[in-house]
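The values are calculated or read from the model by the stated rules, or taken from the named source; none is laboratory data. Since the structure is predicted, the reported quantities are computational estimates derived from the model, not experimental observations. Every residue, glycine among them, receives a Cβ derived from its backbone with ideal geometry; neighbour counts consider all protein chains shown. Keep in mind that these areas ignore ligands, DNA and RNA; they rest on the heavy atoms of the full protein, side chains included. Shrake-Rupley method; radii C 1.70, N 1.55, O 1.52, S 1.80 Å.
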Amino acid sequence: MFTIAYLPQIDFLDYRLIDQNTKAAAFEKYEHKIEKLLQDEQHDREKTEAGESRRKQLELHKEAYVEFLDSDHLFEVMYQEDSEGQKLAYMPSVDEMLAVYREKFVVVSKQIFNYGLQEDTKRKAEVATFFECVEEATKDNKHFGQVAIEEFIQYKKKLFQELPHIQDGKILETRMGEYNKKVSDLWDKLMGYELQLVDQLEDATQNFERNLADMVTVFLEHVQGLIAQMRDFETNHHEKLLEIAIMTLEKVVKNELEVEIPEDLRQLFVDKDTIINAVSTSHDIHQLKIDQAEDDINQRINQWMTSLIESIHETEEVRRNRERVSEINNLVDHLRDEIDTLDLHQD
């Protein structure tokens, strides 16, 4: 009965016809269970779709080299391994200062994120335009070659129809010599087209490399400028934090601290060197995380550009040229073999 209620569209079960009364009874019996099951299935589908959407979004962000920068992720990363900074956050007035610091930091992080997506769109458009140009040039060049080959095939077809009827040996030898000369001319023409295409693709690739390198440079310089703002925020926060730490130390020493602080924080106020070292250690960790974020963007986009250019040189210049030259040589060899093996029935 449950199967009938869950699958109302079926008309047969276990080789038996299911009438409408049976379907109605099954649905009435399991209505609530079926509704719950369908709701759970819908929830699972929505959860799966949402997860897939997030995965695709993350891939796009990674392609732009700005994943997670649309949030406070980098700010949180700075404090994850910063045990001293976590303690210092409990000093008087630091929570408000930290909130302001976080807000300014995240604003810049989101600016990097949005700029990264914008520039990624431009880079992808540049890459797409380049490959469209390559495809168009290759297509046009192939057309010229096909025309030349077709003209030769028409000549060859007519000649091969005439040769068996030529009785004069000298005339036959002359016509065959003319054929071989036309084969050589065809090779020259096809290789000329290929060399022309090689030059076209080389020029296009060089222009593409320059354009792409300029785009990457502009992107990195702008990102570096924004990250410099993050470093300024960090330096400013560090200086203020150090001032608060020194003032708090003085109050702790004089037993004038009016608020309770955690014991692990109080242990940092044993002397001036200890608290200064704690503040400096926190600052160093933050700077390191910011530097690593910048280096990661720099390295990955340069690796992408280098890999793309190397792939273009290998695929569009070396491999394509090698294959085309091989095609031309194989065609010419075949054409020469055809006349060498042609049965002329000459005695």
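What the table shows:
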{"item": "Length-normalised contact order of the chain in % [C-alpha pairs under 8 Å, at least 6 apart]", "result": "25"}
{"item": "By average C-beta atoms within 10 angstrom, highest first, the peptides 328-339, 188-199, 104-115", "result": "104-115, 188-199, 328-339"}
{"item": "Correct option for Kirkwood radius over Cα pairs in Å [calculated from the coordinates] among (1) 21.4; (2) 19.9; (3) 28.9", "result": "(3)"}
{"item": "Net charge over other residues, Cβ less than 14 angstrom from the Cβ of residue 318 (K, R count +1; D, E count -1)", "result": "-3"}
{"item": "Formal net charge of residues neighbouring residue 203 (Cβ-Cβ distance under 13 Å; K, R +1; D, E -1)", "result": "-4"}
{"item": "Set 110/240; 156/189; 142/182; 124/289; 47/110 screened for pairs whose C-alpha atoms are more than 22 Å apart", "result": "110/240; 124/289; 47/110"}
{"item": "Mean Kyte hydropathy of -1.0 or more with a Cα span along the axis of at least 27 Å, helices from DSSP in the chain", "result": "94-162, 169-253, 272-312"}
{"item": "MRE, 222 nm, helices only [DSSP H, n ≥ 4, -39500 (n - 2.57), over the chain, to nearest 500]", "result": "-29500 deg cm²/dmol"}
{"item": "Length released on extending from residue 170 to residue 202, taking residue separation times 0.36 nm less the Cα-Cα span", "result": "6.8 nm"}
{"item": "Local electrostatic count at residue 145 - Lys and Arg +1, Asp and Glu -1, tallied over other residues with Cβ under 13 Å", "result": "-2"}
{"item": "Cβ-based charge dipole, segment 198-347, positive-most Cα from 245, 298, 215", "result": "245"}
{"item": "Residues of the chain: accessible area per residue with a 1.4 Å probe, Å²", "result": "63"}
{"item": "At R0 = 56 Å, FRET efficiency that the Cβ-Cβ distance of residue 309 and residue 37 yields, to 0.05", "result": "0.55"}
{"item": "Neighbour-limited loop hits for GluC sites (Glu not before Pro), segment 254-305 (at most 13 other Cβ within 10 Å; DSSP other than H, G, I, E, B)", "result": "256, 258, 260"}
